[in-house]
1. Could you check, for the range 167-181, whether at least one of its residues is among the charged types (D, E, K, R), surrounded by 15 or more Cβ atoms within 10 Å (Cβ to Cβ) and under 30 Å from Leu140 (Cβ atoms)?
2. Need pairs with beta-carbon distance below 8 Å; first residue within 19 Å of Lys161 (Cα to Cα) and without any contact (Cβ under 8 Å) to a residue 24 or more places away in the chain and within the range 116-145, second part of a strand (DSSP E or B) and hydroxyl-bearing (Ser, Thr, Tyr); sequence gap 6+ or separate chains.
3. Would you confirm, using the coordinates I've provided, whether Ala133 is buried (at least 16 other Cβ atoms within 10 Å of the Cβ), touching a strand residue (DSSP E or B) at 6+ places or on another chain (Cβ under 8 Å) and among the hydrophobic types (A, V, I, L, M, F, W, C)?
4. What pairs come out if I take residues in the range 37-56 that are over 30 Å from Val90 (Cβ atoms) and pair them with residues that are hydroxyl-bearing (Ser, Thr, Tyr) and outside any loop (DSSP other than H, G, I, E, B) whose C-beta lies under 6 Å away, six or more apart or interchain?
5. So for the range 90-101 (the condition being more than 9 Å from the chain's Cα centre (by Cα) and closer than 23 Å to Ser146 by Cβ), does at least one residue qualify?
6. Determine the pairs where a residue that is in contact (Cβ under 8 Å) with a residue 40 or more places away in the chain, located within the range 94-108, has a partner that is of a type in the set (Lys, Arg) and part of a strand (DSSP E or B) with Cβ atoms under 9 Å apart, the partner being 6 or more residues away or on another chain.
7. So is Leu186 touching a His at 6+ places or on another chain (Cβ under 9 Å) and either surrounded by fewer than 16 Cβ atoms within 10 Å (Cβ to Cβ) or free of Cβ contacts under 8 Å to residues at least 40 places away in the same chain (or both) or not?
8. Against the conditions (1) in contact (Cβ under 8 Å) with a residue 24 or more places away in the chain; (2) surrounded by 13 or more Cβ atoms within 10 Å (Cβ to Cβ); (3) closer than 27 Å to Leu79 by Cβ; (4) hydrophobic (A, V, I, L, M, F, W, C), where does Leu148 fall short? Just the number, please.
Amino acid sequence: MEITKGSGFTCKLYGELYVISKGYGDQKAKVKGNATILVSTNPKLFDTEVNVKANFRDKLCGDGNLKIHFSKKEWFIKLGSKDKPLSSNVLCKSSGYFGYVEVVPTITTLNVGYQFDTGDQKWGVGVGFFGRAGGLISMLGNITYSPLQVFHSATLSGGAKIGAFIDMSVWSGNVTLLEGSVTANLQATFPDPFCLAGSINASICMDPCPVFSCEFCLSTSMEIRYKNGDFELKSTCND
């Protein structure tokens, strides 16, 4: 703790947090973090930041950050951020939930999502098949106060591939037989303008004769927008 007196009063508190642990400084604590609080009368401000990490027996991991600031010039409340969102990961791997909330005088922003990745999977010993799949779902919302305007967007993307492999002492290698991906986007704004827009893109590639390669690919895309009574072939609400 630091206390300063002079033309005003300043107090700074800082410390570390250990929860479900053997005590202070236990690096194996299930939940640990740190916090800083600053209060000042000249200039008048309140500032705090809290950082937390959690690990429950490598079954569930997560981390988060909270920032609160009030002063004469500005104020904000941030639970996570775009660059460093809150996270919660199953088995402490890349799959899991994420999100953040930011509240400032002119706008509130909320983002939540989920991503997954199975990693490389193999079926068979010596000779067999392999595959991998991954995807992302993300939703973002903004509310502007003056004038009142709501913006919402959502993204869905996914991809997968499957192939065959040989892993023997005389020869080893693999080849992708089928691979595809899809991405869909949606936007909505109201009250002015009232708009709904979206797009979808998909592709697939096949290689039925991998020995001498005869790969062929197909792709398709579509976009449409409804804005203030008019339909157009556009993918976003912004002109």
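The values are calculated or read from the model by the stated rules, or taken from the named source; none is laboratory data. Quick caveat: nothing in here was measured; it's all calculated off a predicted structure. Positions of Cβ are generated from backbone atoms using ideal geometry, with glycine treated the same way; all protein chains shown enter the neighbour counts.
1. So far as the range 167-181 goes, yes, one or more of its residues are among the charged types (D, E, K, R), surrounded by 15 or more Cβ atoms within 10 Å (Cβ to Cβ) and under 30 Å from Leu140 (Cβ atoms).
2. Leu136/Tyr114; Leu136/Thr155; Leu136/Ser157
3. Values: buried (at least 16 other Cβ atoms within 10 Å of the Cβ): no; touching a strand residue (DSSP E or B) at 6+ places or on another chain (Cβ under 8 Å): yes; among the hydrophobic types (A, V, I, L, M, F, W, C): yes.
No.
4. Final answer for the pair search is Ile37/Thr48; Ser40/Thr10; Leu45/Ser71.
5. yes
6. From residues that are in contact (Cβ under 8 Å) with a residue 40 or more places away in the chain, there are no pairs.
7. Details: touching a His at 6+ places or on another chain (Cβ under 9 Å): yes; either surrounded by fewer than 16 Cβ atoms within 10 Å (Cβ to Cβ) or free of Cβ contacts under 8 Å to residues at least 40 places away in the same chain (or both): yes.
When the stated conditions are applied, Leu186 passes them.
8. Of the numbered conditions (1) in contact (Cβ under 8 Å) with a residue 24 or more places away in the chain; (2) surrounded by 13 or more Cβ atoms within 10 Å (Cβ to Cβ); (3) closer than 27 Å to Leu79 by Cβ; (4) hydrophobic (A, V, I, L, M, F, W, C), the odd one out for Leu148 is (2).
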